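Read through the structure below, which is laid out as structure tokens, and then see the notes.
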Amino acid sequence: MPTTSPPTAPAPPLRAAPDLPAGDRGMHPDEVADLGLPIGPGSLLWRLLGDARNLLLAQRTGTLQVMHPTISRALVDHSTFFADPLGRLWRSGTPILRTVYAPDADAAGRAVRDLHRGIQGRTPTGGGYHALDPEAFFWAHATFVASVVDGQRLFGTPLDPQQLDRLYRESITWYARYGVSLRPVPRDHDAFRRYWDAMLDGVLQATPVACFGIRRLPRQPPPQGAVPAPLWAVARPAVVRAVPWLGRATLPGRARRILGLEDDAADRAALAALAAGVRAAWPALPPAVRRLPVARRADARAAPAAV
């Protein structure tokens, strides 16, 4: 069955923002310096976001994003996602990394924001949407933060409560670099956890895009600009099975239930075996292999200053 055409099921209606206690979210730009923490070579975010093990959660991150109805609708109308889903993941990841690792990270953040200015339209039910909708834009950011945490929990060393708090505070500074509304931003890590739970319980949906992304993709072309065609010819059979499987297997349980995915004991066993293998092999890999290219270049630029 062809899998490179957009799904034909009607998009679910947009839902409201999560229901959270008053005071949990929102801050003035002047508060970022107090509620956030600096980002740089000594920060936790700098060390963890560039960890190459995060690639194992790339499909999970994308799936969680497109479970938000606004993001899903924008992809249907404005993206090549259905013809090149893996390429879309690859192309969208690098600009996000630059908002932490570029020499002018604030400018990189504003550039990501500006890429979304023209992404807007109408839903099948007549409502409007915009990619810079504060709730949708922050949800996309939240999935990156959560995947950094869960990447370490699954494939590295789980973060302790103090590290979780530190990472979240650094992520406030990170989000402020986009130059968008801070209205949806939880004010601390505890509020972020309540926000995350509320999104899973009341906002995320089994959108057509999310359901498409967790299927095997036998017709997936070489991700544009990422993999040479000869290498893709060899790697494709494994990739088109492994990437959607990783996306499904690493999803939070509540997200799996929303998507109608059964609790599969074989998947859990396979993921546990993969995680154990990654943790065992990781220390033996060359340091350069353990870093994503954007982070590796930033590490090199920062090294003289650290001496």
Q. Checking residue 31 against (1) under 26 Å from residue 157 (Cα atoms); (2) in a helix (DSSP H, G or I); (3) modelled with pLDDT of 90 or more, which test does it fail?
A. (1)
Q: For residues that are touching a helix residue (DSSP H, G or I) at 6+ places or on another chain (Cβ under 8 Å) and surrounded by 14 or more Cβ atoms within 10 Å (Cβ to Cβ), tally how many sit in the range 19-39.
A: 9
(Q) Looking at the structure I just gave you, is residue 251 part of a helix (DSSP H, G or I), in contact with a Leu (Cβ under 9 Å, 6 or more places away or on another chain) and not β-branched (Val, Ile, Thr)? (A) no
Q. What tally of residues in the range 151-194 results from selecting those that are surrounded by fewer than 21 Cβ atoms within 10 Å (Cβ to Cβ), in contact with an Asp or Glu (Cβ under 8 Å, 6 or more places away or on another chain), in a helix (DSSP H, G or I) and of a type in the set (Gly, Ala, Ser)?
A. 1
Q. From the list 148, 203, which residue is modelled with pLDDT of 95 or more, of a type in the set (A, V, I, L, M) and buried (at least 16 other Cβ atoms within 10 Å of the Cβ)?
A. 148
Q. Given the structure, is residue 179 at positive phi and among the small types (Gly, Ala, Ser)?
A. yes
Q.
Being out of contact with any Cys (no Cβ under 8 Å at 6 or more places or on another chain), under 26 Å from residue 21 (Cα atoms) and surrounded by fewer than 21 Cβ atoms within 10 Å (Cβ to Cβ): is that true of residue 198 here?
A. yes
Q: Consider only pairs whose beta carbons are under 8 Å apart and that are at least six residues apart or on different chains; among these, list those whose first residue lies in the range 264-285 and is within 19 Å of residue 152 (Cβ to Cβ) and whose second residue is assigned to a helix (DSSP H, G or I) and at pLDDT 95 or above.
A: 271/154; 275/154; 275/155; 278/155; 279/155; 282/155
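The values are calculated or read from the model by the stated rules, or taken from the named source; none is laboratory data. Everything quoted here is computed from the prediction, not taken from an experiment. Every residue, glycine among them, receives a Cβ derived from its backbone with ideal geometry; neighbour counts consider all protein chains shown.
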